[in-house]
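Shown next, in structure tokens, is the structure this report addresses.
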């Protein structure tokens, strides 16, 4: 194996083209085997292998800085930069993250998991180099899908006038996560069709020197071009046309499905049919389709991640013009939805919790300041075992403190659908719904709540001494705590389903003072600036004690969820023990 001789990028300098092609094939086999075992980004990594080999052959990392966008394309880079055991040894598959990580290697410049950032980071790295009088190349590797993000445009605009060395490699495989969306991709197609010779050229218009490599998976062609641009004293774009999923037939044929896969996806037999199980994704798409059939003003919006919410090709095709994928452009998606709502349409914007972070200004200014009655569905909002770049625990503090926004937290299917329908049909507020993450819960009991009566909590179980206010997906935990507390402490606690994240039910909270000593809040997110602190503030000048349970303000990285629950005391046993200590009761039996 050629790979046996490669431990660091410098080892590539001793290889010939034939050996580099063999190395690329070996790396491809490793990535397929590893990702099929662990899950992760497959298609993007398979398509960028040859370019990664060529980059490390021509340039001198880490003196020459290679900056990755999103990091969906960094697996080959990791193999070549001293971390191949994370791909060759199944016992070490999980020792490295799926993203670039400076703590792992000097060849990783930034920790990056969100898209469209590489050019901005590269401009900053190049400017710092220039200010310090240093030399070396700065290379940004950005996928074509990432070009739809606003920060990418901002970065390109400033990179073009840097006046010194910066090399932007545009990996054009004609795909984002799903299909590319937007006018820019017409120009990319024109450039591909003309082998980069079209007079209309987006990159040249900005002022870049421009090179095109039509065979973007040809190591020899890539090396030839990278040598031409190395050490140039001005900004340059190298546009390479690659094949996403190259080397795996299934990934080449269905590029969307194999962008990211679950463990053992490739082991499944084609004749095995999956059994349908109801989920929050399925009830959402069913609702939207039925609603859209009767109301032409309904429109579903996705910022490039339709699969995350079950927005399948079939769903998208059925909606037709009542569906928009705006590309990796969450900021635009929010303003776009706001304007449609203000002008009489009924937009439903689906977005992942970790990507809501990219939209704060639009949520505040474009949406809430204008009080536009758009509906926003926030998916994957929860404490999780995810990596540090995709945590869903920060949306409650971020969103719930913006004026005018009504942020709702359903505990079950019935509440969720009632909230969604109310949100779509009302015209008074921008509304966000934190779609429960994890176990699907259906009570079979119709939700008759009038959500136009804001901030009215529901007492699910009457009790005394202790009140448990359990938000959204943690309502189930609240029920478990109540039963355990009754058994171990003899306390018949009041159980409350608040439903509203953005406000407090002052009348209900005031009434608890008569027969309760302690109020417990449970929320599936960080505590700082969160839901529980609103309750604690209300009781601040009273004799009622408050215990807030949720996550700490920290970036966790692939920490098992059970370990986090222990750390944050989010178990019925630890919550009950803390209750006993707070009330100066005997230890839990």
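Which of the residues spanning segment 3-31 are touching a helix residue (DSSP H, G or I) at 6+ places or on another chain (Cβ under 7 Å) and within 22 Å of residue 91 (Cα to Cα)?
3, 5, 6, 26, 27, 28, 30, 31
For a quick check of your reading of the model, give me the residue pairs whose first member lies in segment 533-551 and is outside the structural domain of residue 500 (by TED's automatic domain parsing), whose second is crowded, with 18+ Cβ neighbours inside 10 Å, with beta-carbon atoms closer than 9 Å and at least 6 apart or on different chains.
none
Anything in segment 455-491 that is surrounded by 15 or more Cβ atoms within 10 Å (Cβ to Cβ) and part of a loop (DSSP other than H, G, I, E, B)? List them, or say none.
455, 456, 457, 463, 471, 491
Are any residues in segment 15-28 in contact (Cβ under 8 Å) with a residue 12 or more places away in the chain and part of a helix (DSSP H, G or I), and if so, which ones?
Listed by number, the residues that qualify are 17, 19, 20, 21, 22, 23, 24, 25, 26, 27, 28.
Inspect all residues belonging to segment 185-199 and state whether any of them is surrounded by 15 or more Cβ atoms within 10 Å (Cβ to Cβ), assigned by TED's automatic domain parsing to the domain that holds residue 116 and modelled with pLDDT under 95.
For segment 185-199, residues surrounded by 15 or more Cβ atoms within 10 Å (Cβ to Cβ), assigned by TED's automatic domain parsing to the domain that holds residue 116 and modelled with pLDDT under 95: present.
Is it fair to say residue 105 is assigned to a loop (DSSP other than H, G, I, E, B) and closer than 22 Å to residue 49 by Cβ? Outline the logic, then answer.
Details: assigned to a loop (DSSP other than H, G, I, E, B): yes; closer than 22 Å to residue 49 by Cβ: yes.
Spelling it out, residue 105 is indeed assigned to a loop (DSSP other than H, G, I, E, B) and closer than 22 Å to residue 49 by Cβ.
Out of the residues in segment 258-270 that are out of contact with any strand residue (DSSP E or B) (no Cβ under 8 Å at 6 or more places or on another chain) and in contact (Cβ under 8 Å) with a residue 40 or more places away in the chain, which is surrounded by the most Cβ atoms within 10 Å (Cβ to Cβ)?
Checking each candidate, the answer is 258.
Here are some conditions: (1) buried (at least 16 other Cβ atoms within 10 Å of the Cβ); (2) part of a loop (DSSP other than H, G, I, E, B). Residue 277 meets all but one. Which one does it not meet?
Unmet for residue 277, out of (1) buried (at least 16 other Cβ atoms within 10 Å of the Cβ); (2) part of a loop (DSSP other than H, G, I, E, B): (1).
From the list 66, 32, pick out the single residue that is in contact (Cβ under 8 Å) with a residue 60 or more places away in the chain, part of a helix (DSSP H, G or I) and under 32 Å from the mean Cα position of the chain (by Cα).
Testing whether each residue is in contact (Cβ under 8 Å) with a residue 60 or more places away in the chain, part of a helix (DSSP H, G or I) and under 32 Å from the mean Cα position of the chain (by Cα) leaves just 32.
Being on the phi > 0 side of the Ramachandran plot and modelled with pLDDT under 95 is the requirement here; does residue 182 meet it?
yes
Residues to consider are 46, 12; find the one that is farther than 24 Å from residue 258 by Cα and either touching a residue at least 60 places away in the same chain (Cβ under 8 Å) or in a loop (DSSP other than H, G, I, E, B) (or both). Walk me through how you get there before you give the answer.
On the way: 46 fails: farther than 24 Å from residue 258 by Cα.
When all the criteria are applied, what remains is 12.
Output the residues belonging to segment 504-532 that are over 16 Å from residue 457 (Cα atoms) and under 36 Å from the mean Cα position of the chain (by Cα).
524, 525, 526, 527, 528, 529, 530
In segment 136-159, which residue that is over 22 Å from the mean Cα position of the chain (by Cα), surrounded by fewer than 21 Cβ atoms within 10 Å (Cβ to Cβ) and touching a residue at least 40 places away in the same chain (Cβ under 8 Å) is farthest from residue 242 (Cα to Cα)?
Across segment 136-159, the extreme among qualifying residues is 136.
Looking at segment 93-109, which of its residues are loosely packed, with under 14 Cβ neighbours inside 10 Å and touching a helix residue (DSSP H, G or I) at 6+ places or on another chain (Cβ under 6 Å)?
Selection gives 95 alone.
Out of segment 73-102, which residues are within 24 Å of the chain's Cα centre (by Cα) and not in a helix (DSSP H, G or I)?
Scanning segment 73-102 gives 73, 74, 93, 94, 95, 96, 97, 98, 99, 100, 101, 102.
From 48, 17, which residue is modelled with pLDDT of 95 or more and surrounded by fewer than 19 Cβ atoms within 10 Å (Cβ to Cβ)?
17
Please find, within segment 212-256, the residue that is surrounded by the fewest Cβ atoms within 10 Å (Cβ to Cβ) out of those that are out of contact with any helix residue (DSSP H, G or I) (no Cβ under 8 Å at 6 or more places or on another chain) and in contact (Cβ under 8 Å) with a residue 40 or more places away in the chain.
In this case the residue turns out to be 233.
Just checking, does segment 572-582 include any residue being touching a helix residue (DSSP H, G or I) at 6+ places or on another chain (Cβ under 6 Å), crowded, with 21+ Cβ neighbours inside 10 Å, assigned by TED's automatic domain parsing to the domain that holds residue 474 and not in a helix (DSSP H, G or I)?
Looking for residues that are touching a helix residue (DSSP H, G or I) at 6+ places or on another chain (Cβ under 6 Å), crowded, with 21+ Cβ neighbours inside 10 Å, assigned by TED's automatic domain parsing to the domain that holds residue 474 and not in a helix (DSSP H, G or I), one finds none in segment 572-582, hence no.
The values are calculated or read from the model by the stated rules, or taken from the named source; none is laboratory data. None of these values were measured; they are calculated from a predicted model. So basically every Cβ, Gly included, is an ideal-geometry build from the backbone, and we count neighbours across all protein chains shown.
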